[in-house]
Amino acid sequence: MQAHTFHIKWGMVIDIDKCTGCGACMVACQAENNVAPVTEASNKLRTLSWMLVYQLSNKQDFPNHDVAYLPRPCMQCGHPSCSTVCPVVATTKDEEGGIVSQVYPRCIGCRYCMAACPYHARYFNWHDPVWPEGLDKVLTPFTSVRPRGVVEKCTFCHHRWMAAKEKARHEGHDPSHLAEDAYIPACVDICPTGAMHFGDLLNPEHEVHKLSKSPYAFRLLEKLGTDPQVYYYSKREWVRRQGDNYLKHEKTKGE
């Protein structure tokens, strides 16, 4: 299937060398998008998080041991394998900005998209969400609550983009040319170390465009050809090698 061409391509660059693995991005994502709290983390049928932070290790002994932390939202792939397998067009990539959508009322819960996603970024609601008493009163009105039987995932806080465009119209500005900081997902907004950057990958004036062109930038499983809109950045070679399936004799990108 031929990929759509966009004038705006929202993307994220995560500096692995600055990430401390604090998990603030996970908490902000859950609060912003009405993801119910995890009641039992060991029960994978009740565990749901659009943003996960993985710990990486260079697998060497002390004193050469080193770790890194890798936040993983939906990659918003340029060639999303999830959308091509969906039998009811519940997930598409046809809106300006290049965000992979998830239309919950259309989803029939077949989970083909989950099987097709190489990043395990999609989650199925086996149960209706449950919030502790009183917490249901502070749900954000900008994101729908998903019932059992549907798949959900990160949307780059799409509702924040809608709000930014509406604000631009109200102020008499062009909503198709937003300032770099006008639309920022909650995870990027909360990051205390400034490890996460967000903007238009096609705009040379945006920081994500510059960072994505760095020799230290890489994408997860890039060799699959999914063309993710989430980039990572690290000056540590072993981190970049773990981002893709390098063979031992292959030269690392950026070295």
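The values are calculated or read from the model by the stated rules, or taken from the named source; none is laboratory data. In this text the structure is predicted, and so the values were computed from the model without any measurement. Neighbour counts are summed over all protein chains in view; Cβ atoms, including those assigned to glycine, are modelled from backbone coordinates with ideal geometry. In case anyone asks, the SASA skips ligands and DNA or RNA and just uses the protein heavy atoms, side chains included. Shrake-Rupley method; radii C 1.70, N 1.55, O 1.52, S 1.80 Å.
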>> Can you tell me, using C-alpha contacts under 8 Å and at least 6 residues apart, the relative contact order of segment 1-147 as a whole percent?
In response: 26 percent
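For the chain, which whole percent of the accessible surface, found with a 1.4 angstrom probe, sits on carbon and sulfur atoms?
55 percent
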> What residues of segment 49-93 lie in the reach of a label at residue 106, counting those whose backbone N is under 11 Å from a point 7 Å from the Cα along Cα→Cβ?
Replying inline: 83-84, 86-93
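How much FRET efficiency would the formula 1/(1 + (r/R0)^6) give for residue 236 and residue 114, where r is the Cβ-Cβ distance and R0 is 30 Å, rounded to 0.05?
0.45
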> Sorted by average packing, counted as other Cβ atoms within 10 angstrom per residue and highest first, what order do 76-82, 238-244, 162-168 take?
Replying inline: 76-82, 238-244, 162-168
> Rounded, prolate or oblate: which fits the chain, taking a ≥ b ≥ c as square roots of the Cα gyration tensor eigenvalues, rounded meaning a/c under 1.5, else prolate when a/b beats b/c?
Replying inline: rounded
>> Under 18 Å from a point placed 7 Å out from the Cα of residue 247 along the Cα-to-Cβ direction: which residues of segment 196-235 have their backbone N that close?
In response: 221-225
> Accessible area, 1.4 Å probe, largest first: how do 114, 75 sort?
Replying inline: 114, 75
> Cα to Cα, under 18 Å, and not fewer than 8 places away if on the same chain: which lysines meet these conditions relative to residue 210?
Replying inline: 9, 18, 235, 253
> Over the C-alpha atoms of segment 151-195, what are the Rg and the largest Cα-to-Cα span, Dmax, in Å?
Replying inline: 12.2, 37
> Under a Cβ-Cβ limit of 4.7 Å, which cysteines in the chain have nobody to pair with?
Replying inline: 19, 22, 29, 77, 86, 107, 110, 117, 157, 191
> In a shell of Cβ-Cβ distance under 11 Å around residue 244, excluding residue 244 itself, what net charge do Lys and Arg (+1) and Asp and Glu (-1) give?
Replying inline: +3
>> Are there any GluC sites (Glu not before Pro) in segment 189-243 that are in a DSSP loop and have at most 14 other Cβ atoms within 10 Å? List them by number.
In response: 205
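Could you give the length gained on full extension between residue 223 and residue 39, defined as 0.36 nm per residue of separation minus the Cα-Cα distance, in nm?
Here the answer is 62.6 nm.
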>> Taking the solvent-accessible surface of protein heavy atoms with a 1.4 Å probe, what is the per residue accessible area of the chain in Å²?
In response: 54 Å²
> Taking a ≥ b ≥ c as the square roots of the eigenvalues of the Cα gyration tensor of segment 91-227, is the shape rounded (a/c under 1.5), prolate (a/b larger than b/c) or oblate?
Replying inline: oblate
